[in-house]
1. What ³J(HN,Hα) values, in whole Hz, does the Karplus curve 6.51 cos²θ - 1.76 cosθ + 1.60 give for the range A:346-352 when θ = phi - 60°, with x put for Gly and Pro?
2. Going through the range A:269-315, which chymotrypsin sites (Phe, Trp or Tyr not before Pro) have at most 14 other Cβ atoms within 10 Å and a DSSP loop state?
3. Which lysines does A:Lys289 reach when only Cα atoms under 29 Å apart count, and residues fewer than 8 places away in its own chain are ignored?
4. For q values of 0.16 Å⁻¹, compute log₁₀ I(q)/I(0) with the Debye formula on a Cα-only model of the range A:12-120, without solvent.
5. Rg and Dmax in Å for the protein assembly as shown, alpha carbons only: what are they?
6. Averaged over B:182-195, how many beta carbons belonging to a partner chain fall within 10 Å of each residue's beta carbon?
7. What Kirkwood Rh does the range A:198-297 have if only Cα atoms enter the pairwise 1/r average? Answer in Å.
8. Between B:Ala228 and A:Asp230, how high is the FRET efficiency from 1/(1 + (r/R0)^6) when r is the Cβ-Cβ distance and R₀ = 60 Å? Nearest 0.05.
Amino acid sequence: MGRLAQTEGLTDDQRDILAAVREFVDNEIIPVATDLEHKDEYPQAIVDGLKEMGVFGLMIPEEYGGLGESLLTYALVVEEIARGWMSVSGVINTHFIVAYMLMQHGTEEQKQNYLPRMATGEVRGAFSMSEPGCGSDVAAITSKAVRDGDDYVLNGQKMWLTNGGSSTLVAVLVLTPGEVAEGSSVYKTMTTFLIEKPEGFGEVRPGLTIPGKIDKMGYKGVDTTELVMDGLRLSAADVLGGEPGKGFYQMMDGVEVGRVNVAARACGLAQRAFELGVEYAQQRVTFGKPIAEHQAVSFRLADMATKVEAAHQMMIMAARKKDSGERNDLEAGMAKYLASEYCRDVVEDSFRIHGGYGYSKEYEIERLYREAPMLLIGEGTADIQRMIIARRLLEDYKSRG
Amino acid sequence: MKIAVCVKQVPDTWAEKALKAADSTLDRDAADGVMNELDEYAVEEALKLTEAHGGEVVVVTMGPERAGETVRKALSMGADSGVHLVDETLHGSDALATSYALAEVLKDRGFDLVMFGSESTDARMSVVPAMVAERLGIAQLTFAQKVEVSGPTVTIQRATETGYDTVEAQTPAVVSVVEKINEPRYPSFKGIMAAKKKPVETLSVSDAGLDAARLGLSAAWSQVEDFAARPPKAAGTIVVDEGDGGAKLAGFLAEQKFI
């Protein structure tokens with residue numbers, strides 16, 4: 001077995017957890033992933049297996065029934081899972097972000113109410129900022145909550161909810177203009193609401209509709225949906241953290257750990273693409289020798305392995321920084337940017353090594369080729385990452401001239 | 001019900017295996033070590049039996065320090081405690097010595113069942129379960145594809161080439177299992193963490209009261225005089241059928257002593 005993308009300094013617990021996940025991925029995910037993906041089928045058996053294993057509670061504190069593991073452990077688990085099938089890591093990613101937002105910003109009552117059920121996977125999380133007219137430009141959202149006695153009434157349309165249909169708890173960002181002083185910054189007029197709902201599509205609770213799955217190029221199996229609020233009535237207790245006006249900052253905090261997570265996915269996907277490429281290159285013979293012995297192909301393999309290794313180490317660094325309690329937006333942005341770009345490169349190289357067969361749906365690389373672009377866009381596009389990185393650089397290296 | 005499961009750490013199934021030049025024994029450091037696959041089925045079956053009938057599962061291994069990983073894997077699946085026989089003297093032990101050592105460790109501990117995978121993927125002899133049963137003087141129920149326990153009676157379906165035989169014995173008994181028997185569980189994360197806190201008894205040869213002269217390479221009943229790497233695959237012979245293809249094929253097979 002290969003020795004790429006190793007992680008120094010792991011505890012026995014971390015190593016055992018990762019070995020268990022890797023075994024699960026090799027036996028239960030890789031053999032069925034491509035078929036399920038082609039059918040756009042939700043990987044229920046895999047999700048059930050991960051639930052039993054305890055993946056859904058990995059980072060939730062022990063006092064709420066989870067394991068209280070670090071972001072690093074979580075990221076390494078995600079990397080292993082994405083090596084099998086990126087969509088499966090998508091199932092747990094939004095769950096994890098919502099759990100993280102609850103852990104960091106929820107009231108004690110909200111934590112007690114949701115976290116123990118999230119730890120077992122009984123409640124599964126999704127979150128939503130994007131709307132049909134805006135994604136990266138979060139401040140442009142138009143969905144709104146208006147107070148009505150002790151309640152709030154929500155109206156608006158959300159877009160790109162990963163796990164929109166299969167989740168049972170959605171954290172939604174909306175404007176609450178009536179709750180803050182006139183003239184406040186738009187960032188202080190946003191509030192995160194927690195919406196509990198049954199699984200499924202259609203009008204799942206009065207005033208809340210999940211219209212159906214969006215048909216996508218890749219990242220299939222996991223349901224990506226819209227969400228329509230039409231007079232949805234929620235109580236003041238459903239405001240994350242109990243206080244309106246903090247939603248933007250709560251979401252940004254969640255997305256920051258989500259970025260490490262997306263970087264980890266890119267690492268896993270790139271590793272798989274490398275494995276497939278290096279294997280095929282030794283099987284396929286042209287001009288009397290395995291193509292791996294042609295310099296053009298061997299150089300591709302060298303580039304791929306170097307990128308796999310670099311992305312992994314960058315992702316580890318970003319996760320460890322967050323675990324140490326320090327701000328990691330710079331590192332998370334860099335890790336997400338580098339890992340997703342490298343992932344695209346490695347997948348492309350592996351695809352080229354496969355030649356014509358790579359274009360056939362029988363070969364796994366065809367699936368990876370359609371999945372990799374999602375990582376360039378999701379959880380903040382590459383260009384948004386560059387904006388974040390540059391902004392931080394100009395703070396840190398402010399000219400004294 | 002008290003069940004012992006004997007497990008062995010073996011080189012990863014897909015790894016290139018090598019012998020050491022110095023003493024012609026398996027180079028265990030050359031590949032990752034994993035729990036022998038069939039032993040996972042034995043652990044799973046023992047856990048199922050104690051889940052249904054109550055009791056405890058003790059995992060027993062003999063092997064170098066690193067074999068402790070295999071004990072921990074079984075504990076993370078749900079076994080209650082472990083026994084690890086580890087000693088330089090054991091290095092190079094053959095099946096007879098292994099069965100002697102295991103039987104000595106197992107006896108007097110009050111096990112109702114002693115379970116094994118039916119063979120290991122490295123040595124592939126399938127004799128240790130039978131030898132241990134013989135040394136303990138208890139019944140052996142081998143190659144089980146199904147196990148049922150009712151009071152002191154244990155009944156198995158013994159897999160055969162054509163189907164199965166039903167075999168029954170009174171406890172205590174040795175049971176070895178084949179892969180048809182179940183689907184081993186994955187350790188849960190909670191199981192992995194709990195495994196660290198479970199007791200593992202580490203025994204040396206003298207702790208276990210074993211006679212060192214009966215153990216190790218020098219006591220083995222067979223000796224490896226020499227070994228060589230498997231030769232690379234040679235190109236096959238192509239038989240062109242010019243009306244006499246059948247005869248040519250038969251001739252080739254006869255020459256190779258297949259017929």
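Every number in this text was worked out from the coordinates using simple rules, so none of it is lab data. As the structure is a prediction and not an experimental result, all values here were calculated from the model. For neighbour counting, all protein chains shown are included, and Cβ atoms are generated from backbone atoms with ideal geometry for every residue, glycine included.
1. My calculation for the range A:346-352 gives 5, 5, 4, 4, 5, 4, 5 Hz in order.
2. Working: sites: A:Phe274, A:Tyr280, A:Phe287, A:Phe299; in loops: A:Phe287.
For chymotrypsin sites (Phe, Trp or Tyr not before Pro) across the range A:269-315 that sit outside H, G, I, E and B with at most 14 neighbouring Cβ atoms in 10 Å, the list reads A:Phe287.
3. Within the straight-line cut-off, A:Lys289 pairs with A:Lys307, A:Lys361, B:Lys17, B:Lys233.
4. Rounded to two decimals, the profile gives -0.70.
5. Spelled out, the Cα radius of gyration and Dmax of the protein assembly as shown are 29.6, 100 Å.
6. Values: counts 0, 0, 0, 3, 10, 8, 8, 16, 7, 4, 11, 9, 0, 3.
Whole-number average of other-chain Cβ neighbours for B:182-195 is 6.
7. Details: mean 1/r = 0.0534 Å⁻¹.
That comes to 18.7 Å for the range A:198-297.
8. Numbers: r = 78 Å, r/R0 = 1.30.
Step by step, r from the Cβ atoms, then E = 0.15.
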